[in-house]
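Q: Sharing a structure here in structure tokens format.
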Amino acid sequence: MRWFRNAVLAVAALPLLYLVVTSAAFVYRARAADAMGARVALAPARPLGKTTRLLIFSPHPDDEVLGCGGAMAQVVRAGGSVRVVYMTCGDAFRVAVERSKRLVSVKPADFIAFGKLRQQESLAALRELGLSADAAVFLGYPDRGLMPLWLSNWAEDSRFRSRYTRVSASPYGHDHASCVGYCGENVLADVLAAMDAFQPTDVLVTHPSDDHQDHVATSAFVTRALEVAAARHGGWAGRCNLGYYLIHRAEWPTPRSNDPEASQRPPVALCGLDTDWTSRPLAPLDVERKRRALGRYASQTAMMPAFLMAFVRSTEVYGSLAEFPVLPLPGVVSTEVPTDVAWGAVPMAIRDPANDSILRSFQGEADIADAQVCRDEDRLFLRVRTRAPISPRCTIDVFIRYFGDDAEGSAGGALRVACGPRGRVDPPDITVQTDDQCATLAVPLREVGYARRLAITISASVAGMPVDSTGVRFLRL
């Protein structure tokens with residue numbers, strides 16, 4: 001019966017073999033596409049000089065050097081000013097904490113101690129770039145908790161509690177962190193205060209299409225804060241340039257090697273969508289300073305040296321995004337949902353990379369391709385299109401945060417629409433039509449407070465497993 005057993009084992013191994021082969025093929029195609037993308041010319045980034053006041057928002061310690069270390073070194077050499085605001089202290093990296101403490105089981109105090117270590121690493125990294133400790137602002141918000149603060153824990157009476165440190169306010173003291181509670185309105189206030197205190201000419205923050213949810217939330221808070229600052233002050237805020245840097249996206253950056261003479265390029269999957277990418281050439285001295293600064297993050301280079309050093313390149317890339325105006329759709333009355341013909345006249349509000357990760361390549365029904373938004377007098381219409389036909393196992397979640405008066409900086413509220421399996425919709429008074437690859441929502445404007453500014457996040461999952469998310473995009477009605 002040995003032949004029968006071998007046959008059974010061979011049949012059982014076929015799915016695993018298929019997974020390995022298709023995954024390897026995906027990685028090969030992705031790297032080949034990125035290699036071809038290296039030939040695409042990028043526009044030069046905005047010049048930085050003596051009058052530059054560069055404010056960088058970093059979700060975790062090390063993100064600021066990975067994305068902007070060269071730009072920081074340039075500004076310092078030119079005699080300009082740089083400040084870095086660290087949203088979290090990176091204290092929820094469990095594997096790194098275990099390695100640092102040489103423990104199998106770690107306690108909340110161990111996570112907090114690791115956060116203090118990462119703060120010290122940040123200060124050492126900034127010194128390599130020519131900056132003093134005064135250039136660092138540590139807000140102390142929860143690592144792996146910024147997105148809940150944007151989505152649900154917005155008000156002071158609904159504080160978020162970190163599952164790692166077991167606290168609901170920064171445990172790091174007044175010298176290095178804001179000690180207010182973990183909620184979204186406090187994050188926005190702290191970000192605004194940092195902007196007001198520094199009055200930057202340029203702000204850099206993580207890209208909303210980053211795969212790390214802390215990075216997406218940081219982008220949302222900073223983008224909104226700059227809107228509020230511009231409405232309140234005009235002046236410096238109205239002239240400030242907002243740019244985005246990328247850290248995590250599928251297999252990017254490729255190749256994962258230490259090659260400081262190579263150019264950095266954005267992922268091909270993110271080119272030609274809704275981001276205008278630019279490239280900043282770096283002098284060899286700036287590249288070397290960036291490399292030394294990254295070396296100061298010993299807790300991180302011990303875990304993923306190839307990933308970190310892949311950011312040490314002769315250039316850095318930054319993107320810009322425009323706020324999307326939601327226009328009325330002529331001919332649509334409040335009892336109708338736009339037809340395919342009508343949607344043909346509506347521009348894309350969101351264009352998301354498709355088939356750019358192994359998971360998304362296997363789950364095309366939850367791989368978001370793009371979204372369109374329009375309105376009539378009574379309702380907001382949103383059409384989400386996926387790469388493959390939407391299956392009954394797929395759930396599409398739309399989260400809308402709507403805002404009151406810009407100068408007040410308040411959030412009017414939030415609305416979450418879950419288009420679940422077999423047509424289930426929550427809340428039920430919102431109309432949803434699903435047709436092949438498209439899910440179309442009709443949302444009464446009263447549900448978003450008749451607001452003029454919205455921030456939309458679209459995510460998709462299969463059988464409860466998250467597959468794709470658009471990040472946060474800002475719309476103007």
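Q: Need one number for the range 324-476: average projected area of the convex hull over its C-alpha atoms, nm².
A: Approximately 8.7 nm², given one-decimal rounding.
Q: Beyond 14 Å, what share of the Cα-Cα pairs of the range 62-119 is found? Please give it as a whole percent.
A: 60
Q: Quick check on the exposure proxy: order H207, H248 from fewest to most C-beta atoms within 10 angstrom.
A: Neighbour counts put them in this order, fewest first: H248, H207.
Q: In whole Å, largest first, what are the principal axis extents of the Cα atoms in the range 156-290?
A: 49, 41, 33
Q: What value does the range 127-174 have for Rg/Rh, both radii from Cα atoms and Rh as Kirkwood defines it?
A: 1.10
Q: Oh, and also: So which trypsin sites (Lys or Arg not before Pro) in the range 240-346 end up in coil per DSSP with only 16 or fewer other C-beta atoms within 10 Å?
A: R256
Q: Residue separation times 0.36 nm, minus the C-alpha to C-alpha distance between A133 and R94: what's the value?
A: 11.4 nm
Q: Would you tally the net charge around H60, using a Cβ to Cβ cut-off of less than 15 Å, leaving H60 out, and scoring K and R as +1, D and E as -1?
A: Summing Lys and Arg as +1 and Asp and Glu as -1 gives -4.
Q: Apply 1/(1 + (r/R0)^6) to the Cβ-Cβ distance of M304 and R446, taking R0 = 51 Å, and write down the FRET efficiency to the nearest 0.05.
A: That gives a FRET efficiency of 0.60.
Q: Nearest 500 deg cm²/dmol is fine: what mean residue ellipticity at 222 nm does the chain get from its DSSP H runs of n ≥ 4 alone, each adding -39,500 (n - 2.57), divided by its residue count?
A: That comes out to -10500 deg cm²/dmol.
Q: Filter the DSSP H helices in the chain by two things, a Kyte-Doolittle mean of at least -1.0 and an axial alpha-carbon span of 27 angstrom or more, and list the hits by number.
A: Span-like helices, by this rule, are 2-37, 108-128, 213-233.
Q: Hey, another quick one. Between G238, A250, P305, whose Cα lies farthest towards the positive end of the dipole of the range 181-305 when Lys and Arg beta carbons carry +1 and Asp and Glu beta carbons carry -1, centred on the Cα centre?
A: P305
Q: Roughly how many debye, to the nearest 20, is the charge dipole of the chain about its Cα centre, given +1 on each Lys and Arg Cβ, -1 on each Asp and Glu Cβ, and no other charges?
A: The dipole magnitude comes to about 1440 debye.
Q: Towards the positive end of the charge dipole of the chain, with charges on Cβ (+1 Lys, Arg; -1 Asp, Glu), say which of L126, A217, I430 has the farthest Cα.
A: Value computed over the given set: L126.
Q: Right, something else. Once you have the alpha carbon radius of gyration of the chain, what is it after dividing by 2.2 N^0.38 Å, with N set to its residue count?
A: 1.01
Q: Just to be sure I follow: if Rg is taken over the C-alpha atoms of the range 181-252 and Rh is the Kirkwood radius over the same atoms, what is Rg/Rh?
A: Result: Rg/Rh = 1.01.
Q: Once amide H atoms are placed 1.01 Å from N in the peptide plane, what residues at a sequence separation of 5 or more from A451, or on another chain, have their amide H within under 5 Å of its amide H?
A: Hits under the 5 Å cutoff: none.
Q: Taking K and R as +1 and D and E as -1, what net charge do the other residues with C-beta under 10 Å from the C-beta of K101 add up to?
A: Within the 10 Å Cβ shell, the charges total +1.
Q: According to a simple spin-label model (label point 7 Å from Cα along Cα-to-Cβ), what is the distance in nm between S158 and Q437?
A: Here the modelled spin labels are 3.5 nm apart.
Q: Which lysines have a Cα lying under 21 Å from the Cα of K116, excluding residues fewer than 8 positions away in the same chain?
A: K101, K107
Q: Rounded to the nearest 5, what is the percent of antiparallel bridges among the DSSP beta bridges in the chain?
A: 70
Q: With +1 on the Cβ of every Lys and Arg and -1 on the Cβ of every Asp and Glu, and nothing else charged, how large is the dipole of the range 324-476 about its Cα centre, in debye rounded to the nearest 20?
A: The calculated dipole for the range 324-476 is roughly 200 debye.
Q: Please state, rounded to one decimal and in Å, the Kirkwood hydrodynamic radius that the range 43-320 gives when every pair of distinct Cα atoms enters the mean of 1/r.
A: One over the average 1/r among Cα pairs gives 18.7 Å for the range 43-320.
Q: In debye, nearest 20: dipole of the range 43-320 around its Cα centre with unit charges on the Cβ of K, R (+) and D, E (-)?
A: Magnitude of the dipole: close to 540 debye.
Q: Once the other residues with Cβ under 10 Å from the Cβ of W236 are scored (Lys, Arg +1; Asp, Glu -1), what is the net sum?
A: With Lys, Arg at +1 and Asp, Glu at -1, the neighbours total +1.
Q: Still on this structure: May I ask you to derive the relative contact order of the range 388-451, considering only C-alpha pairs under 8 Å and at least 6 residues apart, and to give it as an integer percent?
A: The value is 33 percent.
Q: Tell me the relative contact order for the chain as a rounded percent, counting alpha carbon contacts under 8 Å between residues six or more apart.
A: Rounded, it is 14 percent for the chain.
None of the figures in this text is laboratory data; all of them are computed from the coordinates on show. This one's a predicted model, so the numbers in the text were calculated from it and none came from an experiment. A quick note on method: Cβ atoms are made from the backbone with ideal geometry, for glycine too, and the neighbour counts reach across all protein chains shown.
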